Amino acid sequence: MNLRYTLLSIILLILAFGFVLLPKKDFSKDLAAEDMLLAVLDDSRFLSTDEVANMILNRDPSLLLIDVRKADQFSEFNLRGAVNLPLDSLLTEGADMYLSQTAKTKVFYSNGSIYSSQAWLLSKRKGYKNVFIMRGGLNQWIETIMQPTEPKPGEPQTAFQTYEARKGASQFFGGGSADASSSAAGASKSGSPTPKKGKKKGAAGGC
Amino acid sequence: MGPLIPNEIIGANWDFLIALLVGIGFGYILERAGFSSSRKLAGVFYGYDFVVLRVFFTAAITAAIGLYYFQYFEWIDLSMIYINPLYLTSTLIGGVIMGFGFIIGGYCPGTSVCGAMIGKIDAMVFIGGIFLGIFFYGETYELLWKKIYLDNFLGAPLVFDSLGISNALFILGLSIAALLAFWITAQIPKFVKRVDY
Amino acid sequence: MENKVLENKRKYMNPYLAGFLLGLVIIFAFYYTGRGLGASGAIKSAVVASVDAVAHKHALASEFYAPYASKEESPLNSWLVFEIIGVMIGALISGIVAGRLKLKVEHSPKISSKTRLIMAVLGGVLFGIGSQLGRGCTSGAALTGMATLSTAGFVSMLAIFGTGYTFAWFFRKFWI
């Protein structure tokens with residue numbers, strides 16, 4: 001009885017110890033957890049809607065807007081020039097084509113910040129460089145860019161400057177006045193390259 | 001290279017058949033090892049039967065060692081398998097609630113299914129309880145749980161990264177810890193009152 | 001009594017062998033499908049399907065049900081549901097082979113059947129809530145999570161069993 005268990009224990013230990021002896025191989029292109037934490041704590045992953053609007057206005061050639069919402073939501077409304085990479089396609093080869101372009105400033109957006117943050121985490125872990133999140137997502141976009149509120153007299157000068165810039169941007173994106181309807185505003189149904197649907201999908205959740 | 005279905009080496013329509021096979025294996029082993037008896041399961045908390053600890057630990061170590069050897073031989077791409085995301089707050093609170101559920105109800109969802117299939121009435125009502133619990137959670141999700149459910153998201157870290165050691169060292173440590181646990185728990189029943197069930 | 005215990009012992013599989021085989025099942029599952037075991041997920045599918053059938057609008061309005069209820073296919077058409085059907089078949093086979101099929105309420109001699117059943121429902125409710133909050137139960141979060149060496153799996157396991165051990169003393173009369 002005891003001998004049997006001793007033998008089994010020895011086999012287990014040998015198998016486990018084998019890993020220690022095996023030469024190291026690097027399987028992951030992933031980021032170490034510590035670096036990940038630093039990146040998460042660092043606020044610089046966010047771009048404000050104003051910054052993004054400004055980049056679009058100035059036709060910044062390095063800007064690559066990535067819409068991580070579902071395809072149907074994307075076709076309903078999207079930001080000019082954005083490509084649609086739904087969250088579940090983010091690890092595919094099709095997505096890799098876009099994300100691996102290191103020279104581009106890749107900005108994720110979704111309706112809020114949750115999906116874009118998840119996309120950002122994923123791409124960070126995959127080691128993609130130069131990725132950002134549009135803070136507040138499309139909700140914030142509509143609130144600040146499409147329907148900016150005029151600052152009250154007495155507010156600092158910068159508030160007025162921001163308002164002016166937003167007002168201009170909202171006109172550029174087709175909103176026009178502050179009461180612009182949000183549905184049509186800023187949408188560009190054509191002209192955005194549709195990414196190739198990737199074929200490989202990661203596994204979904206357990207319990 | 002595995003995983004075969006996400007890598008499209010075999011078709012996705014095999015998914016459900018494999019689910020069934022995995023389930024049959026899982027159910028057969030659980031029942032066969034005695035996980036269909038709540039008093040046998042509860043033994044792990046009172047020192048009269050350590051079957052839960054033995055099966056649980058052996059399975060986790062076998063699978064971990066196996067998977068990492070598979071990775072070493074490049075039979076499986078571990079970056080494509082599902083790693084549980086860590087939302088620290090909800091994982092901890094959920095775990096504590098489940099701990100109470102375990103010590104009060106005597107089953108966990110998987111074992112209650114096994115128990116119910118061999119005619120344990122307490123297992124059947126336990127499943128009814130899970131149903132009610134999930135229903136209650138669903139109805140009150142936005143009100144009570146949403147905030148803690150999404151709080152403290154830390155990505156999907158692996159435990160050896162979190163501890164800052166290599167995976168080899170962690171697996172070795174876990175194996176030694178398990179062997180020690182097996183040895184210690186083999187001595188305990190000598191000191192506690194025997195429970196017949 | 002002595003005989004019965006001995007007989008049971010014989011009919012139960014050696015726990016280490018069972019654990020080893022279970023480990024192989026987990027590897028098999030990961031190798032083929034990239035995911036591990038689970039149990040509470042199937043019951044969740046059943047809950048979503050029921051709510052969806054009774055009150056479709058309500059299901060679509062809820063953040064909890066909507067992701068499952070809004071799909072074309074039934075929420076019951078999921079991997080975990082098939083897996084749990086497998087668990088039922090497997091358990092039944094084992095029960096038949098070992099001759100353990102018997103309708104009964106198992107409880108400590110110190111409590112009545114009724115108390116045991118009430119406690120079972122209560123424990124089930126807690127497990128239902130906890131498994132949703134913790135993103136998986138003992139099999140999905142703790143066991144499978146530990147097999148992949150995920151931090152979440154270990155945190156989950158420590159939380160479940162830590163709580164169990166901490167409070168075991170208060171509930172001892174239900175079991176011993």
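Data for the structure
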read-out: Shielding by partners - mean other protein chain Cβ count within 10 Å, residues of B:149-157; value: 5
read-out: Eligible aspartates and glutamates near residue A:24 by straight Cα distance, threshold 14 Å, same-chain separation 8 or greater; value: B:74
read-out: Label-point separation, residue B:194 to residue A:88 (7 Å along Cα→Cβ), nm; value: 5.5
read-out: Sites residue A:102 and residue A:7 - FRET efficiency at Förster radius 51 Å, r taken between beta-carbons, to 0.05; value: 0.40
read-out: Relative packing of C:159-171, C:23-35, which averages over residues the other C-beta atoms within 10 Å, highest first; value: C:23-35, C:159-171
read-out: Residue-wise HN-Hα coupling along the stretch B:56-71, computed from phi with Karplus coefficients 6.51, -1.76, 1.60 (Hz; x: Gly, Pro); value: 4, 5, 4, 5, 4, 5, 4, 5, 5, 4, x, 4, 6, 5, 4, 5
read-out: Span-rule helices in chain C, defined as complete DSSP H runs reaching 27 Å or more along the axis (Cα) with Kyte mean at least 1.6; value: C:79-98
read-out: Cα gyration tensor, the stretch B:12-191 - rounded (a/c under 1.5), prolate or oblate; value: rounded
read-out: Packing-based exposure ordering (other Cβ within 10 Å, fewest first) of B:195, C:54; value: C:54, B:195
read-out: Average beta carbon contacts from partner chains per residue of B:46-59, 10 Å cutoff; value: 6
read-out: Chain B - mean residue ellipticity at 222 nm from DSSP helices (-39,500 (n - 2.57) per run, n ≥ 4, rounded to 500); value: -21000 deg cm²/dmol
read-out: Pairs from B:120/C:110; A:70/A:126; B:193/C:104; A:124/C:44; A:70/A:124; B:190/C:173 whose Cα-Cα separation, in the structure shown, is over 23 Å; value: B:193/C:104; A:124/C:44
read-out: Among B:152, B:13, B:167, residue whose mean-square fluctuation peaks in a GNM of chain B (springs only between Cα atoms under 10 Å); value: B:13
read-out: Share, in percent, of DSSP beta bridges within the protein assembly as shown that are antiparallel, nearest 5; value: 10
read-out: Shielding score for B:164-171, defined as the mean number of other chain Cβ atoms within 10 Å; value: 4
read-out: Three-way shape call for the protein assembly as shown based on the alpha-carbon gyration tensor, with the a/c threshold at 1.5; value: prolate
read-out: Long-range amide H partners of residue A:132 with built H, under 5 Å; value: A:106, A:107, A:108
read-out: Ranked list, fewest to most other Cβ atoms within 10 Å of each Cβ, for C:47, A:68, B:51; value: B:51, C:47, A:68
read-out: Förster-model FRET efficiency, 30 Å R0, residue A:70 and residue B:140, C-beta, rounded to 0.05; value: 0.65
read-out: Packing-based exposure ordering (other Cβ within 10 Å, fewest first) of C:100, C:135; value: C:100, C:135
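None of the figures in this text is laboratory data; all of them are computed from the coordinates on show. Because the structure is a prediction, the values reported are computed rather than measured. We place every Cβ from the backbone using ideal geometry, glycine too, and count neighbours over all the protein chains shown.
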